[in-house]
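Read-outs throughout are calculated quantities, based only on the coordinates presented, and are distinct from any laboratory measurement. This structure is a prediction, so every number in the text was calculated from the model and none was measured. Every residue, glycine as well, gets a Cβ built from its backbone with ideal geometry; the counts of neighbours run over all protein chains shown.
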Amino acid sequence: MTRWCLILLAVMALPAQAALRYHLEPKQIAPDTWMVEGKTENFSKENGGNIVNTAFIVTDAGVVVIDTGPSLQYGDALHDAIRKITDQPVTHVLITHHHPDHAFGNQAFPERSLSALPETTALLERDGEAFSDNMYRMIGDWMRGTQVVLPTQELAPGPLIVGNHTFQLWGFTGHTGADLVILDKTTGTLFAGDMVFYNRAITTPQSPGLNVWQQELDLLAEIPFERLVPGHGPMVTDDRAFRQMHAYMTWLDALFKSSANRGLTANEVMRTPIPGRFDSIAEASYELIRSTTHLYPRYEQAALRMLPEE
Amino acid sequence: MLRHALLLAGALASTGLAAYPKDPYGSPMWDYNLERYLGEKAEVVLDDRVNLEVPPFAEDSSQVPLTVDLSGFDTPVQKVITWVDLNPIPHLFTYVPQTRVTVVSLNFRVQQATTVRAAVQDESGVWHVGSAHVDAAGGGCTAPSQASSDPNWEEHFGQIRGGAFSPANQSRLKVYVRHPMDSGMVGNIPAFHIETLEIRDTAGGQDEPLLKMTLSESAAENPMFVFELPDAPPQYEVWMRDNNGNQFQRQVGEAL
Ligand SMILES: [Zn+2]
């Protein structure tokens, strides 16, 4: 009877699962270190939100996972991929920031391993439900069963030692107000989270501003590394991601400033053509519409003066 | 006599409901809102010169920029009406210009993906309609204003920032008002929004306002008004009144 039920359940579950499946291919980028590279696209029902980079480091005291992906199913697929590579259990899951593509696979990992900056956990608690509604709208069935799971462990800037790997953690604010950056000093691998995008336009919904972000990038660029894993886009081994970020953000800031000083409307700014030198940056036109919504009002207000009462 | 009646009937039929052109966007609200805002007998034509701009999607459903650009509309305008087809209260704003107005821009709230419309009435009474579509996750109309959850909102209430600009030799005016613009559609928060705005000419001594505007509940919190009045002197007075009787009046100076 029980067996019958199980077979029936398996048969019923099959079609849906077979239709939507993440094919995650971890790529070894350093000793003990794997990266799972996502597309540089926007969320869609085709890509299931596999548009983000995740990573894991197999230490001799357990596996350190960096970000869990956009859904329960992605988290499960990531956990399965880790089990194929090592028998070590996952002991640490470091969530770089509260965005859904980085934290919605949390459910697939032991709750006691889920760690983040306390501000990140607070932001996920605040925005999780709204993010979830939006994710169901954007990727649909891929979200099935996904629930927001808050990190249980607090991370603080400073050293973190797990087995034979020594990490250094930093807390920045430029992307969301709470952005974890992780250096594995043992291999020289810098996991920049969404503080660094490469060949993919930055997203700005919770950014405190381009100036803050750029100032922090200058600090980040001083950290010595062998290889850098951005939150989105391919890994780099030199400073090209920083140079691209700097050029693009400088252009964006100047565009908003000059547009505000000319009295342009948000709609006029949104349809600005992206300069050809940024052709390699995916989704730039799309993100310009979003960033204009997030950031342009501040520039507009700054270009006006307070009008005294008569 | 009979012939007269027939002619009259014919005239009625040709300007009646059946005479609306087909909606290029196929909205179920097309006929209903045309009749509601322009009248059953309104003569309506689709017109590309009525350039209505909205982003393809609403990144923030409580702040969606809408721009009516009439720089290509070369005949005098009596009246302009804008609405958001699928909002609970579709009407956004209506204005009556006494001078050429080439651009009007204002943010609106959007409840769901919808078509938006701008209808421009020419001197002969014909309505020229421009349309656009905005995709949206929605909920902008039923989301509370930020001010309604901010205990210190009164500190900034009624603050007005402004400026005059000259992009491409046009005379452009921007006015930003701190006002909750509560729609009355959210929980127990009563409607509290700016209903009327006038731009007056302080240099020319003209009696009639250069522009008279009325606003409805779809208008977004803390409105940023943009007006382009290419033929008017760059010295204005802006006057507003909300539904609680608060009046706001400011001078906006020379073009920068
Ligand atoms: Zn992010």
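Observations
- Modelled label reach - A:R240, point 7 Å along Cα→Cβ, the stretch A:186-223 residues with backbone N closer than 16 Å: A:197-201
- Cα-projected label distance for B:N244 with B:Q78, points at 7 Å along beta-carbon direction, nm: 3.7
- Quotient of Cα Rg and 2.2 N^0.38 Å for the stretch A:110-226, N being how many residues it contains: 1.17
- Rounded Å value of the spacing that divides the Cα centres of the stretch B:49-98 and the stretch A:195-233: 38
- Convex hull volume of the Cα atoms of the protein assembly as shown, normalised per residue: 204 Å³.
- GNM on chain A, alpha-carbon springs under 10 angstrom: the most fluctuating residue among A:K45, A:K84, A:K27 is A:K84.
- The stretch A:21-239 - share of DSSP beta bridges that are antiparallel (%, nearest 5): 65
- For the pair A:S44 and B:Q251, a Förster radius of 51 Å applied to the C-beta separation gives a FRET efficiency near 0.55, rounded to the nearest 0.05.
- The mean count of C-beta atoms from other chains within 10 Å of the C-beta of residues in A:278-290, rounded to a whole number, is 1.
- Fluctuation leader among A:E216, A:E46, A:E287 - chain A, Gaussian network, Cα springs under 10 angstrom: A:E46
- Computed over chain A, the ratio Rg/Rh where both radii use C-alpha atoms and Rh is Kirkwood: 1.01
- In order through the stretch B:54-63: 3J(HN,Hα) via Karplus (6.51 cos²θ - 1.76 cosθ + 1.60), integer Hz, x for Gly, Pro: 9, x, x, 9, 8, 5, 10, 5, 8, 9
- Exercise: per-residue mean of other protein chain Cβ atoms within 10 Å, B:63-70: 3
- Between B:A132 and B:V116, the built amide H atoms are under 5 Å apart, and every one of these is 5 or more places off in sequence or on another chain.
- Exercise: per-residue mean of other protein chain Cβ atoms within 10 Å, A:127-135: 1
- Oblate is the label for chain B, because the ratio a/c of its alpha-carbon gyration tensor axes (a ≥ b ≥ c) is 1.5 or higher and a/b is not greater than b/c.
- Set of lysines near B:K212 by C-alpha distance (under 27 Å), chain-local residues within fewer than 8 positions excluded: B:K41, B:K79, B:K174
- Based on C-alpha pairs under 8 angstrom that are at least 6 apart in sequence, chain A has a relative contact order of 14 percent.
- Label point distance in nm, A:S280-A:A122, each placed 7 Å from Cα along Cα→Cβ: 3.9
- Normalising the average separation of contacting C-alpha pairs (under 8 angstrom, six or more residues apart) by the number of residues puts the relative contact order of the stretch A:133-191 at 20 percent.
- Taken about its Cα centre, chain B carries a charge dipole of roughly 280 debye when the Cβ of each Lys and Arg holds +1 and the Cβ of each Asp and Glu holds -1.
- In chain B, Cα pairs under 8 Å separated by at least six residues give a relative contact order of 19 percent.
- Close Lys pairs in chain A (alpha-carbon distance under 23 Å; sequence gap of 8 or more, or different chains): 4.
- The residue among A:V236, A:F191, B:F225 whose Cα reaches farthest toward the positive pole of the charge dipole of the protein assembly as shown, with charges on the beta-carbon of Lys, Arg, Asp and Glu, is A:V236.
- When the Cα positions of B:T82, B:P55, A:H23 are compared along the charge dipole of the protein assembly as shown, A:H23 comes out farthest toward the positive end, with charges on each C-beta of Lys, Arg, Asp and Glu.
- In this rough spin-label picture, where each label sits 7 Å from Cα along the Cβ direction, the A:S258-B:R49 distance is 3.2 nm.
- Share of Cα-Cα pairs in the stretch A:160-310 lying beyond 20 Å, as whole percent: 52
- Residue among B:R49, B:R36, B:R172 with the largest mean-square fluctuation in a Gaussian network model of chain B, springs linking Cα atoms under 10 Å: B:R36
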